[in-house]
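Undergrad: One structure coming up, written as structure tokens, with questions to follow.
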Amino acid sequence: MSILEKAKNLFGKSKHTEAAKPSTPAAEKPISIEGSLKLSLLQDRKDIAGLCKVLYHIKLKSELPEGFEGFSAEILDDKDTVLGSAHMDHRLDDEQRWFAINTHNLENDSHTIRCRVLFNGQPQFEDSLKITISNVGELANRVSDSLKSYDSPTVISQDCNSTLFNFQDQSLTPWFDRDDAKAHLENKAANNSFVKEHQQKLSEFLDNGFMVLEGWLDDDFIDKLNSDIDDAVAKKVQGYEVGSSQRIMGLHSSHKHINHLWKYPKVLEMLSHIFEDEARPCQTLTYVFGSQQSYHQDTVHLTPFPAGYMCGVWVALEDIQVGSGELRVLKGSHRLPRIYRETVDCPQVINNQWDEFAKTVDLKWQDMIADQRFEEMPYLAKKGDILIWHENLMHGGSLRENMEQSRRSIVSHYFAKGALGFYDSSGIPAILQ
Ligand SMILES: O=C(O)CCC(=O)C(=O)O
């Protein structure tokens with residue numbers, strides 16, 4: 001039997017568990033295994049806030065002996081006290097080998113993350129790394145309080161979903177989702193918290209679930225962004241085929257102008273007015289042609305806790321033409337109920353298998369808008385215009401009637417600094433800048 005088959009036989013999938021699996025009695029016979037375990041983070045180890053996603057990689061040089069019991073993940077303080085742990089039943093062939101530290105449950109201090117491979121109740125090899133946690137600000141404090149009183153797990157593995165956090169906690173509702181949002185906005189304006197243009201845009205955001213910022217990018221910068229895209233297209237990044245509706249993910253990591261856009265100060269400032277906290281960029285999606293995505297809320301894909309603390313930012317890199325598969329939004333639909341996997345009993349999306357998701361979440365969305373009570377706005381943006389949408393706004397791409405017509409645009413998503421972010425659909429923690 002191969003290493004993988006043995007491991008598969010030993011373990012199926014299991015839910016996260018807060019306490020480490022109790023040790024079985026000491027190994028009857030010594031095991032000798034040659035291999036290594038390596039932890040890595042995709043973010044800086046300093047000033048970690050929210051969920052900290054930890055990847056672990058195992059390499060075995062020998063056959064897997066009997067007695068493999070999975071992995072343990074732990075977080076320790078500077079006195080080596082274990083503050084949280086989880087047992088992971090990941091098989092050795094699982095692609096998604098990660099766990100996450102829910103740092104809001106911990107002090108702002110230095111901590112050690114440790115992971116071990118277990119055989120017959122004994123760790124065989126391990127790796128550890130140090131991080132410094134820093135959840136600061138009023139929102140971060142309130143989130144910490146909510147997580148602690150809800151007993152949210154400190155170490156999360158395999159499935160990060162909405163049931164782990166108290167989404168019913170009304171005290172965490174952001175100002176823009178509260179009944180007194182208009183009064184709050186006027187109050188802030190009276191206190192000179194922002195300029196008139198910002199007040200007007202924020203008012204649109206409250207009413208419609210999005211705001212449009214006309215001409216915010218100049219032609220010179222857009223030319224540079226387009227040359228970044230030309231480069232990615234020429235290199236066929238992620239197998240990109242010219243003319244397809246495919247999106248190219250994460251070009252901010254490889255292309256400097258897109259990286260600059262991702263952290264564009266004027267956009268971050270506007271987002272900070274929405275969040276009443278700093279904004280943390282999460283990802284970028286680059287489209288050369290229209291996406292043709294059906295109407296959806298981002299809530300289940302880019303999930304903030306508390307609800308509301310995520311926005312999408314859509315940037316037009318050319319004048320958008322009718323028939324190009326223009327972005328469309330349903331005005332006011334951000335007030336619809338939020339749909340999570342748990343709401344409609346949808347299983348975790350694993351290995352890009354979206355069939356069950358389509359039959360549950362997607363169906364529910366299409367049901368919710370079937371009565372056409374929301375006004376549809378096809379967004380014929382001009383080059384350099386930016387649209388910011390509310391996490392729960394229904395949006396999508398129109399059908400491409402003219403398949404030759406490009407529709408260059410970049411979407412970035414941002415979370416509030418004090419919030420935490422994950423992808424409820426696939427159960428994965430988000431990596432925030
Ligand atoms: O640009 C589009 O057509 C839709 C993009 C979108 O919905 C998204 O990225 O969430």
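Undergrad: Return yes or no: is Ile222 away from the ligand (no atom under 13 Å from the Cβ), buried (at least 19 other Cβ atoms within 10 Å of the Cβ) and within 16 Å of Gly312 (Cα to Cα)?
TA: Criteria not met by Ile222.
Undergrad: Would you please name the residue that is farthest from the ligand (Cβ to nearest atom), looking only at residues in the stretch 234-247 that are in contact (Cβ under 8 Å) with a residue 12 or more places away in the chain and exposed (fewer than 13 other Cβ atoms within 10 Å of the Cβ)?
TA: Going through the qualifying residues, I end up with Val242.
Undergrad: Can you name the residue in the stretch 284-306 that is in contact with a helix residue (DSSP H, G or I) (Cβ under 8 Å, 6 or more places away or on another chain) and in a strand (DSSP E or B) and is also nearest to the ligand (Cβ to nearest atom) among such residues?
TA: Looking at the filtered set, the residue picked out is His296.
Undergrad: Would a scan of the stretch 359-375 turn up a residue that is within 16 Å of the ligand (Cβ to nearest atom), small (Gly, Ala, Ser) and in the same structural domain as Leu268 (by TED's automatic domain parsing)?
TA: no
Undergrad: Please list, ordered by first then second residue, the pairs with beta carbon atoms under 7 Å, 6 or more apart or interchain, first in the stretch 250-265 and in the same structural domain as Leu42 (by TED's automatic domain parsing), second buried (at least 18 other Cβ atoms within 10 Å of the Cβ).
TA: none
Undergrad: Moving on to the next point. Taking strands (runs of 3 or more DSSP E) that do not extend beyond the stretch 346-406, which have at least 3 residues that are farther than 28 Å from Gly421 by Cα?
TA: Passing ranges, in order: 376-378.
Undergrad: Turning to a different aspect of this structure: Please enumerate the residues belonging to the stretch 364-399 that are within 23 Å of the chain's Cα centre (by Cα) and closer than 29 Å to Glu269 by Cα.
TA: Ile386, Leu387, Ile388, Trp389, His390, Glu391, Asn392, Leu393, Met394, His395, Gly396, Gly397
Undergrad: The conditions are (1) surrounded by fewer than 19 Cβ atoms within 10 Å (Cβ to Cβ); (2) within 15 Å of the ligand (Cβ to nearest atom); (3) more than 16 Å from the chain's Cα centre (by Cα), and Gly250 fails exactly one of them. Which is it?
TA: (3)
Undergrad: Show the residue pairs that are 6+ apart or on different chains and have beta-carbon atoms under 7 Å apart, the first residue being within the stretch 270-292 and without any contact (Cβ under 8 Å) to a residue 24 or more places away in the chain, the second being outside any loop (DSSP other than H, G, I, E, B) and of a type in the set (A, V, I, L, M, F, W, C).
TA: Within 7 Å, the pairs are Ser272/Ala279.
Undergrad: Can you find, within the stretch 307-326, the residue that is nearest to the ligand (Cβ to nearest atom) among those that are within 17 Å of Trp389 (Cα to Cα) and in contact with a Leu (Cβ under 7 Å, 6 or more places away or on another chain)?
TA: The extreme case among them is Trp314.
Undergrad: OK, next. Can you tell me which residue is surrounded by the fewest Cβ atoms within 10 Å (Cβ to Cβ) among those in the stretch 390-417 that are within 13 Å of the ligand (Cβ to nearest atom) and either modelled with pLDDT under 95 or hydrophobic (A, V, I, L, M, F, W, C) (or both)?
TA: This residue is Leu399.
Undergrad: Sticking with this structure for a sec: Select from the stretch 138-159 the residues that are of a type outside the set (D, E, K, R) and surrounded by fewer than 16 Cβ atoms within 10 Å (Cβ to Cβ) and write down the one among them that is farthest from the chain's Cα centre (by Cα).
TA: Ser149
The values are calculated or read from the model by the stated rules, or taken from the named source; none is laboratory data. From a predicted model like this one, the values you see are computed outputs, not experimental measurements. Heads up, the Cβs are rebuilt from the backbone with ideal geometry, glycines too, and the neighbour counts pull from every protein chain shown.
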